[in-house]
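The values are calculated or read from the model by the stated rules, or taken from the named source; none is laboratory data. Everything numeric in this text was worked out from a predicted model, so none of it was measured. When we count neighbours, we look across all protein chains shown, and the Cβ atoms used for this are built from the backbone with ideal geometry, even at glycine. For the accessible areas, the whole protein counts, side chains as well, though only heavy atoms, and no ligand, DNA or RNA atoms are used. Shrake-Rupley method; radii C 1.70, N 1.55, O 1.52, S 1.80 Å.
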Amino acid sequence: MSKVTRSNPAGVSPPVGKYSHLTRIPRGAALYVSSGQVGTAPDGSLPAALSEQIAHTFRNIAALLQSERLEAGDIVKVNIWATEELDWTYLYEQWDALFGGSYPSMTVGYVSALGLPELKIEIELWMARVEHGEDG
């Protein structure tokens with residue numbers, strides 16, 4: 001069965017963070033796209049601290065994956081938006097716990113505001129799961 005593959009091609013400078021330049025989705029894969037996941041707790045409350053919002057966001061991502069029987073290896077692209085500078089050491093602890101070194105493609109942007117004024121981070125996921133043995 002073909003799988004999602006990741007690469008950093010020769011001739012392109014190495015990634016400046018924990019991501020891959022290219023992620024290939026094989027033919028026959030089912031595509032999943034999430035809305036931006038935010039740092040709300042299960043009860044809907046939203047902590048004020050960015051680090052707590054990051055922790056809740058990754059917990060929400062894990063629940064999202066579990067709901068569709070997806071794994072971190074099925075994540076092909078991550079878009080991260082934040083309203084204040086990220087503590088990369090803390091974020092990468094969560095990142096490594098989720099991905100374990102096989103990193104998806106990623107884009108990060110700093111914005112002045114998200115959908116609600118108290119939101120400090122939002123993470124959108126693109127996922128693909130191979131449902132057939134076909135490869136493209």
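What to note about this one:
- Residue that is buried (at least 16 other Cβ atoms within 10 Å of the Cβ), at pLDDT 95 or above and among the β-branched types (Val, Ile, Thr), where the choices are Thr40, Thr23: Thr40
Let's see how each residue does on (1) open to solvent by 50 Å² or more (accessible area, probe 1.4 Å); (2) under 16 Å from Lys3 (Cβ atoms):
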position: Gln53; (1), (2): no, no
position: Ala72; (1), (2): no, yes
position: Asn79; (1), (2): no, no
position: Leu91; (1), (2): no, no
position: Ser102; (1), (2): yes, yes
position: Val108; (1), (2): yes, no
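- Condition check for Pro14: in contact with a helix residue (DSSP H, G or I) (Cβ under 9 Å, 6 or more places away or on another chain) and assigned to a loop (DSSP other than H, G, I, E, B): no
- Lone qualifier among Ala72, Ala55, Ala48, Ala113 - being of a type in the set (Gly, Ala, Ser) and touching a Ser or Thr at 6+ places or on another chain (Cβ under 7 Å): Ala113
- All conditions but one from (1) touching a strand residue (DSSP E or B) at 6+ places or on another chain (Cβ under 8 Å); (2) at pLDDT below 95 apply to Lys120; the one that does not is (2).
- Number of the condition not met by Gly28 [criteria: (1) within 27 Å of Leu116 (Cβ to Cβ); (2) touching a residue at least 12 places away in the same chain (Cβ under 8 Å); (3) over 17 Å from the mean Cα position of the chain (by Cα)]: (1)
- Failed criterion for Val33 (all others in (1) open to solvent by less than 40 Å² (accessible area, probe 1.4 Å); (2) among the β-branched types (Val, Ile, Thr); (3) touching a Phe, Trp or Tyr at 6+ places or on another chain (Cβ under 9 Å) hold): (1)
- Residues that are of a type in the set (Asp, Glu) and open to solvent by 60 Å² or more (accessible area, probe 1.4 Å) within the stretch 110-125 comprise just one, Glu118.
- Scan of the stretch 52-78 for residues that are under 13 Å from Thr40 (Cα atoms) and among the β-branched types (Val, Ile, Thr), ordered by number: Ile54, Thr57, Ile61
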